[in-house]
Ligand code: SAM
Ligand code: SF4
């Protein structure tokens with residue numbers, strides 16, 4: 001079958017957003033994401049840049065309008081700019097409305113202007129603290145000045161930057177207003193993410209790190225008037241505007257709330273596995289049908305079959321005081 005009908009799942013949700021992890025590797029070792037000694041995939045397991053192109057182009061043909069590239073750290077993948085430049089054709093044709101990126105910012109100094117030239121306009125940079133020592137502690141291998149330089153380069157290149165910060169109890173609680181003011185001063189929106197129970201990192205007790213965004217929001221409300229925004233992205237993010245500064249603050253709370261009914265996305269790993277839900281183990285291998293033939297018909301059929309079993313929602317739950325619904329893979333595997 002090769003009808004190019006759009007992708008609609010069993011719960012009548014249109015799937016028009018694909019997140020693609022292009023590598024499992026990273027130049028950082030954030031404590032909530034990776035263990036210190038990670039074993040990475042052998043190269044032959046990874047989709048080549050050409051295969052990534054075929055994969056993404058097929059999804060775009062099936063109605064995907066927004067592509068977010070993630071990882072691991074996407075900008076450490078060798079020759080990744082070749083892939084971004086290739087995706088520009090879908091922006092030019094109008095098939096794709098947005099090409100975007102989630103990055104730790106370390107390589108933006110090198111790539112920001114190339115990304116803009118490839119048609120990218122907005123990126124998310126992950127940054128949990130503005131304190132150099134704390135930054136080194138949480139990322140293990142990261143250095144704050146390099147990331148700040150990267151953010152400078154991105155803004156200079158004309159990319160709109162949104163900062164994503166993981167809310168960590170006892171770690172960046174005291175920096176809530178510092179981060180907010182810093183972002184406001186640079187005209188950047190800021191989104192907080194609740195720490196999620198991903199993978200077995202062996203060294204952290206995730207229940208201890210958990211800082212509820214309900215609490216974070218209440219702290220913000222002590223200083224600002226929060227206006228709820230109707231804006232929806234189809235994901236687990238909700239936004240408020242601070243009346244006093246006009247700044248937008250987002251909250252990604254997959255654990256406190258369940259926004260699965262409006263989910264519009266699926267996630268492709270760097271080995272070609274398609275996860276229909278971030279919080280479930282079920283996935284479809286798309287690499288086999290891709291490699292089996294030069295024609296995309298089998299791949300299209302495999303994508304449709306996968307979408308047909310997209311689950312209604314996830315099972316994360318901290319409220320029972322144990323990490324229920326925990327999935328065993330690392331965040332770097334599915335790219336967040
Ligand atoms: N390396 C890039 C980066 O850090 O932005 C992209 C991949 S990273 C896995 C994507 C996002 O997932 C980052 O914002 C990171 O902070 C977040 N993340 C990683 N592990 C997490 C966890 N256990 N809970 C919540 N967010 C997590
Ligand atoms: Fe690397 Fe991003 Fe994971 Fe940090 S959160 S270890 S930067 S993939």
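The values are calculated or read from the model by the stated rules, or taken from the named source; none is laboratory data. The model shown is predicted, which means the values in this text are computed figures rather than measured ones. Glycine also receives a Cβ, built like all others from the backbone with ideal geometry; neighbour counts cover every protein chain displayed.
Data overview
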item: Qualifying residue in region 291-303 (condition: surrounded by 14 or more Cβ atoms within 10 Å (Cβ to Cβ) and part of a loop (DSSP other than H, G, I, E, B)); result: yes
item: Any pair with Cβ under 7 angstrom, 6 or more apart, that starts in region 79-106 at a residue that is on the phi > 0 side of the Ramachandran plot and ends at one that is surrounded by 14 or more Cβ atoms within 10 Å (Cβ to Cβ); result: 79/49; 105/125; 105/127; 105/147; 105/150; 105/151
item: Boolean, residue 91 is closer than 23 Å to residue 189 by Cα, away from ligand 2 (no atom under 16 Å from the Cβ), in contact with a strand residue (DSSP E or B) (Cβ under 7 Å, 6 or more places away or on another chain) and not in a loop (DSSP other than H, G, I, E, B); result: no
item: Those residues of region 149-185 which are under 16 Å from residue 109 (Cβ atoms) and away from ligand 1 (no atom under 15 Å from the Cβ), in sequence order; result: 149, 152, 153, 155, 156, 157, 158
item: Residue in region 189-213 that is farthest from residue 314 (Cα to Cα), counting only those that are modelled with pLDDT under 65, within 10 Å of ligand 1 (Cβ to nearest atom) and not in a loop (DSSP other than H, G, I, E, B); result: 206
item: Members of region 129-145 that are within 9 Å of ligand 2 (Cβ to nearest atom) and assigned to a loop (DSSP other than H, G, I, E, B); result: 140, 141, 142
item: For residue 237: the one exception among (1) modelled with pLDDT of 75 or more; (2) within 14 Å of ligand 1 (Cβ to nearest atom); (3) buried (at least 20 other Cβ atoms within 10 Å of the Cβ); result: (3)
item: Conditions (1) surrounded by 18 or more Cβ atoms within 10 Å (Cβ to Cβ); (2) modelled with pLDDT of 90 or more; (3) more than 14 Å from residue 19 (Cβ to Cβ); number of the one not met by residue 316; result: (2)
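For every residue, the table says whether it meets (1) part of a strand (DSSP E or B); (2) on the phi < 0 side of the Ramachandran plot; (3) surrounded by 19 or more Cβ atoms within 10 Å (Cβ to Cβ).
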{"site": "241", "(1), (2), (3)": "yes, yes, no"}
{"site": "244", "(1), (2), (3)": "no, yes, no"}
{"site": "279", "(1), (2), (3)": "no, yes, yes"}
{"site": "284", "(1), (2), (3)": "yes, yes, yes"}
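A quick yes/no check of all residues on (1) in contact with a strand residue (DSSP E or B) (Cβ under 9 Å, 6 or more places away or on another chain); (2) under 21 Å from residue 287 (Cα atoms); (3) more than 14 Å from ligand 2 (Cβ to nearest atom):
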position	(1), (2), (3)
7	yes, yes, yes
11	no, no, yes
21	yes, yes, no
29	no, no, no
32	yes, no, no
36	no, no, no
42	no, yes, yes
45	no, yes, yes
48	no, yes, yes
